[in-house]
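Peer 1: I'd like to ask some things about the structure below.
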Amino acid sequence: MRRSKPKSKTNTRAKKSSGGGRGRAAAPRRLPIVPVLLLVMVAGALGYLIHIIKGAADQRSVTPTAVVSTKNTAIGAQKPSTTPVNPIDQKPVEKWTYIQQLENKEVVVKLPEAQESSQLFLLQCGSFRSSAQAEQVKAKIAFQGLGSQVRHSSGSSWYRVVLGPYDSKRAAEQHKHKLIKAKAVGDCAISNW
């Protein structure tokens with residue numbers, strides 16, 4: 001028995017695609033209905049808005065103008081003349097009276113007196129094992145205009161950079177925020193003296 005040769009797929013594809021241009025004509029592209037409809041609606045709304053604004057402007061220009069009369073007291077003077085005054089040229093009348101009411105008003109606030117404490121506060125901005133690192137932080141603090149000290153405890157190997165004493169915690173916090181804002185130190189701790 002004889003077998004026939006297998007048909008190659010590449011040949012059949014080539015035959016199908018070779019006559020593609022002469023066969024059936026391409027279908028015309030359809031116009032997208034939804035976007036065209038939305039465009040027509042937006043254009044109509046815009047035209048309507050312009051028509052309303054134009055009508056409001058026409059109605060506003062019909063308003064009557066005020067008439068100002070001048071009196072002449074001289075004998076033989078002509079009749080008083082009337083000249084139209086544009087309302088835009090007149091100074092507007094203030095509707096609100098709170099401006100005059102608050103002009104001379106004085107508000108008294110009673111603040112509680114600060115309690116004076118005998119407690120002092122200390123600001124510690126670093127603790128280092130080497131004195132060289134502590135001196136570097138002390139120099140950064142000195143560039144900010146604040147005086148600091150490096151303290152070394154006799155039984156410890158740590159060098160602490162401290163500021164103070166401060167009479168109030170608020171003063172210590174102000175200097176702490178000043179140093180952090182200037183990026184002279186990372187953070188500082190406030191403690192009792």
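The values are calculated or read from the model by the stated rules, or taken from the named source; none is laboratory data. Because the structure is predicted, anything quoted here is derived from the model rather than measured. Note that we place each Cβ from the backbone using ideal geometry, even for glycine, and neighbour counts take in every protein chain shown. Just the protein is used for accessible areas: all its heavy atoms, side chains included, with ligands, DNA and RNA removed. Shrake-Rupley method; radii C 1.70, N 1.55, O 1.52, S 1.80 Å.
Peer 1: For region 93-106, check the following and say yes or no: at least one residue is more than 40 Å from the chain's Cα centre (by Cα), modelled with pLDDT under 80 and among the β-branched types (Val, Ile, Thr). Spell out the reasoning first.
Peer 2: Applying the first criterion (more than 40 Å from the chain's Cα centre (by Cα)) to region 93-106 yields none.
There is no residue in region 93-106 that is more than 40 Å from the chain's Cα centre (by Cα), modelled with pLDDT under 80 and among the β-branched types (Val, Ile, Thr).
Peer 1: Please determine, by comparing only the residues of region 142-169 that are touching a residue at least 24 places away in the same chain (Cβ under 8 Å) and part of a helix (DSSP H, G or I), which one is least open to solvent (accessible area, probe 1.4 Å).
Peer 2: LYS169
Peer 1: While we're looking at this one, here's another question. Sort out which residues of region 175-189 are open to solvent by 50 Å² or more (accessible area, probe 1.4 Å) and either closer than 20 Å to PHE121 by Cβ or among the β-branched types (Val, Ile, Thr) (or both), and write them in order of number.
Peer 2: Residues satisfying the conditions are HIS175, HIS177, LYS178, ILE180, LYS181, GLY186, ASP187, ALA189.
Peer 1: Still on this structure, I have one more. Answer yes or no as to whether ASN72 is at pLDDT 80 or above and open to solvent by 90 Å² or more (accessible area, probe 1.4 Å).
Peer 2: Values: at pLDDT 80 or above: no; open to solvent by 90 Å² or more (accessible area, probe 1.4 Å): yes.
No; evaluated as a whole, the condition is false for this residue.
Peer 1: Given ALA134, ALA139, ALA172, which one is in contact (Cβ under 8 Å) with a residue 24 or more places away in the chain, open to solvent by less than 60 Å² (accessible area, probe 1.4 Å), small (Gly, Ala, Ser) and more than 28 Å from GLU116 (Cα to Cα)?
Peer 2: On the way: ALA139 fails: in contact (Cβ under 8 Å) with a residue 24 or more places away in the chain; ALA172 fails: more than 28 Å from GLU116 (Cα to Cα).
Residue meeting the stated conditions: ALA134.
Peer 1: Determine which member of the set GLY126, GLY155 is within 21 Å of LYS176 (Cα to Cα) and of a type in the set (Gly, Ala, Ser).
Peer 2: GLY126
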